[in-house]
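In what follows, a single structure is set out as structure tokens and then discussed.
The values are calculated or read from the model by the stated rules, or taken from the named source; none is laboratory data. Since the model is a prediction, treat every value here as computed from it, not as a measurement. For neighbour counting, all protein chains shown are included, and Cβ atoms are generated from backbone atoms with ideal geometry for every residue, glycine included.
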Amino acid sequence: MSKFIMHRLLFMVVTLVIISILSFIIIQLPPGDYLTSYITQLRSMGTDVSDEQIEYLREQYGLDDPVYVQYFKWIGNFLTGDMGFSFSWNRPVNELVWERLGLTLVISISSLLFTWIVAFPIGIYTALRQNSLSDYFFTFLSFIGVATPNFLLALVLMYVSFKYFGINVGGLFSPEYADAAWGIGKITDLLQHLWIPVVVVGTAGTAGLVRIMRANLLDELGKPYVTTAKSKGIPNYKVILKYPVRIALNPFISTLGWQLPKLISGSTITAVVLSLPTTGPLLLDALKSQDMYLAGSFIMLLSVLTVIGTFISDILLALVDPRIRYV
Amino acid sequence: MANNNILEVENLNVHFHTDEGIVRALNGVDFKVERGEAVGIVGESGCGKSVTSTSVMRLLPGVGEIAAGTIKYYDKNKKQHDIINLKADGEHMRSIRGPEMSMIFQEPMTAFSPVHTIGNQIIEKLLYHEDIDKDEARRKALELLKKVGISKPEQRIDEYPFQYSGGMRQRAMIAMGLACEPQLLIADEPTTALDVTIQAQVLKLIKKMQADYNLSLILITHDLGVIAHMVDYVNVMYLGRVVESGPVEEIFDNPAHPYTQDLLKSIPRMTGNEGKLASIEGAVPDAYSLPKGCPFHTRCRKKIGEVCESAYPERQEISADHYVNCYLHQDLGDK
């Protein structure tokens, strides 16, 4: 097992190095350098930029160094937490990202939990009652769930809650709490707003997961080991939870790590529609405005999370399936 | 003492409800097992051997339905249990599965859960039925593994099925079957998935366990060689019916049903100079539309004529405990 982990770690480092080079290339892709576009932008707004100022900035970002030196400067800074400067926000990138990360994680993790808590029992239930009325009902419901675009659901929910409950659900806080310090009131306010993004983000995922769980479990229910377990005289529900459900869950447990990058980049459109202060819209803006340090940092960050997520998945898979652990 | 039977199956009819229609898997199966006796059920693929055994255990899949018949089981205290009328997953039936009857399956690889240790799967059964703690259950499981000839059981008990060889898996399966000391062991093609040398070892083990635990045994197989070595009494099945039954020597020396005769002829022999191996002509008829009359008439070399297509022949006792359902052995004077 430790050899397995070491092996994966080694690959992980190699992959990350390659990704960092790619991210750096992306930052460099737009014609000219970002300073040129920054200065153009400043000039177009009527701000006067002196030559000394330009020289100072070129010096600071090492723009006159050879490309590889620039790369090492960038990645070195990245590793120490300095992700560069966002020209469109006029603030350091890491400040921007960290500021939004907390709430992004709150939304993503709550919707993931919502998805699992709702989807697994329904998936198991519909598999056990295959082709019954309740199975058809949930199947119908989950097809609608899969087919409804998230942003549409977001709009509908916003409309309904505004029209009938008088709550303005855009954002995560009511105006009076937005800048308030954390306290019971603010948390209650957050929870009142949180359910809509969680339901919106969670619905499609839940619906898809119900289908997958149902199919996985149906595959397992007919396996001989289920009959063997029943032949031991153990109650049905124990047999089903211990054997086929356990095995049908394997793919979910082992792909848990893949959720990691989604925690940051997922549900961007929903976040835009609901005007949530999360990282998704930030990434979108960065790409639109060619804010390359911000965009590059995001790409790097997402890649790191993807690689770490895959690493976690590998380990989880080995943990849940002994056949992989012992190879 | 009137009744020394442990199991009596009468007129068992099992239907499978599939999308294509109803499959009549069993059409009136009769057989019995005496206490301590080894009974064989033999027949081609699809004749209903396994359906018979899963019906006795009440482990039929959801689409299977016991349409008619009775299954009577007599437990350790000779108390009669009416298996058909019990709820398949109910407490009563589950108290029989395990401590009273248990089953060994054909494919030991898929019959064990791949993600639980062998020990876990055996201990689970012991813990459920017996009033013992985990340590005691583990000790018992170790004892069972040792008993079925698994070396280093202390190490093997914590291993997973894929770490066992095929023969060892079947030994572990037997150990699991013997946990809770059942009275009746049903072995469904226990050696089919194993290679020949391992087959012999596993059969020897089953026989030894039968003697050691004083088990009644139902052995299901398509292999007449296995039947000859292992059982006292044989039931030959064809298309969901027992067509001939008798003591093992009787069946091998005086087979009465043309189907049994053909089956025996199709065993390869080292001696003899036929050159070509005999086989039964034709294929097993479609189970969705069974032939009228005797189901074997479509392939029978000794078909008498229309009478074979008219109705299913009655059971005849042609010698002590030797029964056959065939018009060849009936007085057809009045027909």
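Overview of values
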quantity	calculated
Filtered residue count, the range B:92-106, keeping only those that are surrounded by fewer than 19 Cβ atoms within 10 Å (Cβ to Cβ), facing another protein chain (nearest Cβ under 7 Å) and not hydroxyl-bearing (Ser, Thr, Tyr)	0
Filter pass, B:Lys134 being of a type in the set (D, E, K, R) and surrounded by 18 or more Cβ atoms within 10 Å (Cβ to Cβ)	no
Enumeration of residues in the range A:97-144 that are more than 20 Å from the chain's Cα centre (by Cα), closer than 14 Å to A:Gly208 by Cβ and surrounded by 19 or more Cβ atoms within 10 Å (Cβ to Cβ)	A:Phe120, A:Ile122, A:Gly123, A:Thr126, A:Phe138, A:Ser142
A:Val245 of a type outside the set (Ser, Thr, Tyr), under 21 Å from A:Leu79 (Cβ atoms), at pLDDT 85 or above and in contact with a helix residue (DSSP H, G or I) (Cβ under 8 Å, 6 or more places away or on another chain)	no
Test: A:Gln70 is over 16 Å from A:Phe298 (Cβ atoms), of a type in the set (S, T, N, Q) and surrounded by 15 or more Cβ atoms within 10 Å (Cβ to Cβ)	yes
Members of the range B:296-335 found to be in contact with a Leu (Cβ under 8 Å, 6 or more places away or on another chain) and within 24 Å of B:Val248 (Cβ to Cβ), listed by number	B:Phe296, B:Lys302
Qualifying residue in the range A:199-208 (condition: at pLDDT below 80 and among the β-branched types (Val, Ile, Thr))	no
Exclusive hit being within 14 Å of chain B (Cβ to nearest Cβ) and either touching a residue at least 24 places away in the same chain (Cβ under 8 Å) or closer than 26 Å to A:Leu29 by Cβ (or both), set A:Asp314, A:Asp321	A:Asp321
Selected residue (criterion: farthest from A:Leu249 (Cα to Cα)) from residues of the range A:100-134 that are outside any loop (DSSP other than H, G, I, E, B) and without any contact (Cβ under 8 Å) to a residue 24 or more places away in the chain	A:Gly102
One residue from B:Asp223, B:Asp188, B:Asp195 being out of contact with any Pro (no Cβ under 6 Å at 6 or more places or on another chain), surrounded by fewer than 22 Cβ atoms within 10 Å (Cβ to Cβ) and within 22 Å of A:Tyr225 (Cα to Cα)	B:Asp195
Boolean, A:Thr279 is of a type outside the set (A, V, I, L, M, F, W, C) and at pLDDT 85 or above	yes
Any hit, the range B:97-105, residues being hydrophobic (A, V, I, L, M, F, W, C) and either farther than 29 Å from B:Gly69 by Cα or in a helix (DSSP H, G or I) (or both)	no
Residue match in the range A:184-202 (condition: within 14 Å of chain B (Cβ to nearest Cβ) and exposed (fewer than 14 other Cβ atoms within 10 Å of the Cβ))	no
Which listed residue is crowded, with 21+ Cβ neighbours inside 10 Å, more than 20 Å from A:Ala119 (Cα to Cα) and either out of contact with any strand residue (DSSP E or B) (no Cβ under 8 Å at 6 or more places or on another chain) or not aliphatic (A, V, I, L, M) (or both), from A:Tyr225, A:Tyr243	A:Tyr225
Selection count where residues are in contact with a helix residue (DSSP H, G or I) (Cβ under 6 Å, 6 or more places away or on another chain), part of a helix (DSSP H, G or I) and within 8 Å of chain A (Cβ to nearest Cβ), scope the range B:107-132	2
The range A:225-246 residues that are at the interface with chain B (Cβ under 7 Å from one of its Cβ atoms) and closer than 22 Å to A:Leu317 by Cβ, paired with ones that are in a helix (DSSP H, G or I) and not aromatic (Phe, Trp, Tyr) (beta carbon under 7 Å, 6 or more apart)	A:Tyr225/B:Thr110; A:Tyr225/B:Ala111; A:Tyr243/A:Val226; A:Tyr243/A:Ala229
Residues that are touching a strand residue (DSSP E or B) at 6+ places or on another chain (Cβ under 7 Å), closer than 20 Å to B:Pro182 by Cβ and either more than 14 Å from every other protein chain (Cβ to nearest Cβ) or basic (Lys, Arg) (or both), drawn from the range B:59-91	B:Ile71, B:Lys72, B:Tyr74, B:Gln80, B:Asp82, B:Ile84
The range A:212-268, residues that are hydroxyl-bearing (Ser, Thr, Tyr) and closer than 30 Å to B:Ile186 by Cβ	A:Tyr225, A:Thr227, A:Thr228, A:Ser231, A:Tyr237, A:Tyr243
Checklist (1) exposed (fewer than 10 other Cβ atoms within 10 Å of the Cβ); (2) within 20 Å of A:Ala286 (Cα to Cα); (3) at pLDDT below 75 applied to A:Leu42, failing item	(1)
Verdict on A:Gly205 being of a type in the set (Gly, Ala, Ser), touching a helix residue (DSSP H, G or I) at 6+ places or on another chain (Cβ under 6 Å) and within 30 Å of B:Gly90 (Cβ to Cβ)	no
Some residue of the range B:182-204 being within 25 Å of B:Ala320 (Cα to Cα), among the polar types (S, T, N, Q) and under 16 Å from the mean Cα position of the chain (by Cα)	no
Qualifying positions in the range B:139-180 - of a type outside the set (D, E, K, R), more than 14 Å from chain A (Cβ to nearest Cβ) and in a helix (DSSP H, G or I)	B:Leu142, B:Leu145, B:Pro153, B:Gly166, B:Gly167, B:Met168
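For every residue, the table says whether it meets (1) more than 15 Å from A:Val97 (Cβ to Cβ); (2) not in a helix (DSSP H, G or I).
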{"position": "A:Gln290", "(1), (2)": "yes, yes"}
{"position": "A:Tyr293", "(1), (2)": "no, no"}
{"position": "A:Met300", "(1), (2)": "no, no"}
{"position": "A:Ser303", "(1), (2)": "no, no"}
{"position": "A:Ser313", "(1), (2)": "yes, no"}
{"position": "A:Leu316", "(1), (2)": "yes, no"}
